[in-house]
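The values are calculated or read from the model by the stated rules, or taken from the named source; none is laboratory data. Since this is a predicted model, take the numbers as computed values, not measurements. Note: ideal-geometry Cβ built from the backbone for every residue, glycine included; neighbour counts use all protein chains shown.
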Amino acid sequence: MAKNLLLPFGFLILAYFVISQENFTVILSGIAIFLIGMFFMQEGFKQLSGGILEKLLQKFTSNLFYSILTGFLSTSIVQSSSIISLVVISFLSVELLTLVQGIGIIFGSNLGSTTTAWIVSSLGFDVKISAYAFPMIVFGVVLRFLKSNTYKGIGNVLLGLGFIFLGISYMKDGFDTLKNSIDLASFAMEGPLGIIIYILIGAVATVIIQSSAATLAIIITALSAGSIIYINALSLAIGANVGTTFTAILASLASNENGKRVAFAHFLFNIITATIITLFIYQFKDLVDFLAPYLGISENNYGMKLSLFHTIFSLLGIIILSPFVNQIVKLSEKLIKKKVSALSKPKYLLDSNLNVPDTAIVSIRKESINLYENCQKAMLHALNLHTSNLKTKEDLDLQISKEVTKIDTNIDEIYHSNLKNLYSEIIKYSSFAQENMSSSQQREVANIKRSAKLIIEVLKDTRDIQKNVNFYLKSRNEYIKEEYNILRKELATILIDINMLDSNETDLEKLTQLEVIKSTLQANDFSNTGKIDALIREDKIKATMATSLINDSATVYSIQKKLVEMASILFINNNLLKEIGDTQNEPR
């Protein structure tokens, strides 16, 4: 209830300032236009990168130094540490990066985010910035209407720069006018209290705006207009760095454990650095004043001095914390433990059975069946079939006949959060168990391990057809809709048939049932191929529909064959019968 009231209340306060305070309106408009510019520029660089950004982050992170350098360069190009953080978190979730590499990139992105401050401060505030803004906006709009993605990307970048320049111009005018009507500098505070208050203001502003770059632009503009004093601007910059950590923490709440660990490392980086800088703020101010002339920065160019201070902040953090990245990783893993789902915990892999080969084989077989049951549920949900009442083929016919109700199923997430760990435990346990086994027992375990591998492959194959299943089940074309319902039915039918193997009393009966399933599969495959050809010839489905159906039919047939092979390994215990079955099915 409180959250529902908070947003309208915030809008009312904002509306009051916008309507009643003309000077504040100009400043707020400048901030809004600046943020729009940042958005367009980020989108433009993403379009121009064409996946290069992801490749850079993945390939050029072989050690900590390269990770930091890659984070710096990619953030400097994209002009958004948030985008880099999101890419890093997504890569960590699928283990394309190690946590050390991810933290290195985040450290580098802190330094890369300072380039925005340099761009804003180097523009100068004695020239009419809006004169550069309008041509960029005009050319940006023209380029965005062209078909080429490259031109669209350039158009977005130009639009972004134009809006950024225009936003700075509005902020500058707003602060100039506000300074003339209200002497904001008179409210400036010196001493420790002033430093702490302005750090808090900078942090809160960054959390609200969700961009440390935008906060720095506001600070530089206000400083250049003389609305705040230099030491308070430095304090605000410290606060902006602190505030951006809270943004990262909020973003990580919806991510996995590694995402939270990266956010924790980002938090440590900025908090530790901010603490050191705050304690010695006057010494760092003197350091900036000392270095400025060597970089061609004039004594009174406080905007560029602030940018230099911001860069020193990030460099100091990298220098101090880089040697301790491994310790930060260990600390983050200790504080943020991986949540193990109940479904990912093995039920039958007992350590006490490892030294008893026959019992170990039973444990591995049962755990693989457990893996299959979890996989089967995910597969059926991916096909939008409810498992709670799906025991027989009659149940299946009833569900297929009803209007499809989509079941949100993220197979990748299910795999990474549940089944991958269970599969890994089966492989690990099997490897230790095989040390105490005879050659024939080792072969049996190898076959069971293969069945577990087939189960995972089947799950991933189902993911590949899920998108088309969801898409074509909503189609107005009844023919393609019917064909995808047939694919759903065929795939679910074989799962029901495999479940019924347990009800057969002997291995011979199970083997016979598997032979019936194989014959049905071959008949369905020939039937589907002929039916698709007929639908194409009779122009009942479009060519794009036909290609999707052909590919998905082949995938379904492959899934079914893998399921039959998996079932023959897991549900038929007599090796001799399995050998007979394999011999009968060898190509003649």
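Given Ser181, Ser186, Ser227, Ser211, which one is modelled with pLDDT under 80, farther than 23 Å from Asn110 by Cβ and crowded, with 19+ Cβ neighbours inside 10 Å?
Ser227
Quick test of your reading of the structure: Ala452 fulfils all but one of (1) farther than 30 Å from Glu538 by Cα; (2) modelled with pLDDT under 85; (3) in a helix (DSSP H, G or I). Name the failing condition by number.
(2)
The rows are residues; the columns are (1) under 31 Å from the mean Cα position of the chain (by Cα); (2) touching a residue at least 60 places away in the same chain (Cβ under 8 Å); (3) under 23 Å from Val564 (Cβ atoms); (4) part of a loop (DSSP other than H, G, I, E, B).
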site	(1), (2), (3), (4)
Ser431	no, no, no, no
Ala446	no, no, yes, no
Asp461	yes, yes, yes, no
Tyr484	yes, yes, yes, no
Arg488	yes, yes, yes, no
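Restricting to region 86-121, give me the number of residues that are within 20 Å of the chain's Cα centre (by Cα), surrounded by 18 or more Cβ atoms within 10 Å (Cβ to Cβ) and modelled with pLDDT of 80 or more. Working first, answer last.
Our first condition is that a residue be within 20 Å of the chain's Cα centre (by Cα); within region 86-121, this holds for 86-110.
Now restrict to residues that are surrounded by 18 or more Cβ atoms within 10 Å (Cβ to Cβ): 87-89, 91-93, 97, 99, 101-110.
Still in the list and also modelled with pLDDT of 80 or more: 99, 101-110.
Qualifying residue count for the region: 11.
Taking only pairs six or more apart or across chains, which ones have beta-carbon atoms under 7 Å, a first residue in region 390-410 that is in contact (Cβ under 8 Å) with a residue 60 or more places away in the chain, and a second residue that is of a type in the set (D, E, K, R)?
Listed pairs, sorted by first residue: Leu396/Lys489; Ile400/Arg488; Ile400/Lys489.
Determine whether Lys531 is at pLDDT below 80 and either closer than 25 Å to Glu482 by Cα or loosely packed, with under 14 Cβ neighbours inside 10 Å (or both).
On the way: at pLDDT below 80: yes; either closer than 25 Å to Glu482 by Cα or loosely packed, with under 14 Cβ neighbours inside 10 Å (or both): yes.
In short, yes.
With the condition kept exactly as written, say whether any residue in region 408-419 is under 26 Å from the mean Cα position of the chain (by Cα) and aromatic (Phe, Trp, Tyr). Walk me through it before giving the result.
Within region 408-419, the first condition is being under 26 Å from the mean Cα position of the chain (by Cα), and the residues that meet it are 408-419.
Pick out the ones that are also aromatic (Phe, Trp, Tyr) and you get 415.
Yes, that holds for at least one residue.
Would you mind stating whether Lys330 is surrounded by 15 or more Cβ atoms within 10 Å (Cβ to Cβ), modelled with pLDDT of 85 or more, assigned by TED's automatic domain parsing to the domain that holds Gly202 and basic (Lys, Arg)? Walk me through it before giving the result.
Working: surrounded by 15 or more Cβ atoms within 10 Å (Cβ to Cβ): no; modelled with pLDDT of 85 or more: yes; assigned by TED's automatic domain parsing to the domain that holds Gly202: yes; basic (Lys, Arg): yes.
Spelling it out, it is not the case that Lys330 is surrounded by 15 or more Cβ atoms within 10 Å (Cβ to Cβ), modelled with pLDDT of 85 or more, assigned by TED's automatic domain parsing to the domain that holds Gly202 and basic (Lys, Arg).
From the list Asn301, Asn370, exactly one residue is in contact with a Pro (Cβ under 8 Å, 6 or more places away or on another chain) and surrounded by 14 or more Cβ atoms within 10 Å (Cβ to Cβ). Which is it?
Of the residues listed, the single one that is in contact with a Pro (Cβ under 8 Å, 6 or more places away or on another chain) and surrounded by 14 or more Cβ atoms within 10 Å (Cβ to Cβ) is Asn370.
Taking the conditions exactly as written (assigned to a helix (DSSP H, G or I), within 35 Å of the chain's Cα centre (by Cα) and within 23 Å of Leu396 (Cα to Cα)), does Val516 satisfy them or not?
no
What is the one condition in (1) under 24 Å from Lys561 (Cα atoms); (2) not in a helix (DSSP H, G or I) that Asp412 does not satisfy?
The number of the failed condition is (2).
So which of Gly162, Gly167, Gly191 ends up being modelled with pLDDT of 80 or more, among the small types (Gly, Ala, Ser) and assigned by TED's automatic domain parsing to the domain that holds Asn232?
Gly162
Within region 459-491, which residues are among the aliphatic types (A, V, I, L, M) and either farther than 25 Å from Ser417 by Cβ or touching a Lys or Arg at 6+ places or on another chain (Cβ under 9 Å) (or both)?
Those that are among the aliphatic types (A, V, I, L, M) and either farther than 25 Å from Ser417 by Cβ or touching a Lys or Arg at 6+ places or on another chain (Cβ under 9 Å) (or both): Val469, Leu473, Ile480, Ile486, Leu487.
Just checking, how many residues over region 467-479 are over 23 Å from Glu394 (Cα atoms) and crowded, with 19+ Cβ neighbours inside 10 Å?
Of the residues in region 467-479, 1 are over 23 Å from Glu394 (Cα atoms) and crowded, with 19+ Cβ neighbours inside 10 Å.
Would you call Ser363 farther than 22 Å from Ile105 by Cα, in contact (Cβ under 8 Å) with a residue 40 or more places away in the chain and either crowded, with 20+ Cβ neighbours inside 10 Å or touching a Phe, Trp or Tyr at 6+ places or on another chain (Cβ under 6 Å) (or both)?
On the way: farther than 22 Å from Ile105 by Cα: yes; in contact (Cβ under 8 Å) with a residue 40 or more places away in the chain: yes; either crowded, with 20+ Cβ neighbours inside 10 Å or touching a Phe, Trp or Tyr at 6+ places or on another chain (Cβ under 6 Å) (or both): yes.
Taking the combined requirement at face value, the residue satisfies it.
Has region 122-133 got any residue that is at pLDDT 75 or above, closer than 30 Å to Asn418 by Cβ and either in the same structural domain as Phe72 (by TED's automatic domain parsing) or assigned to a helix (DSSP H, G or I) (or both)?
no
Return yes when Asn389 is assigned by TED's automatic domain parsing to the domain that holds Leu422 and in contact with a helix residue (DSSP H, G or I) (Cβ under 9 Å, 6 or more places away or on another chain) and no when it is not.
yes
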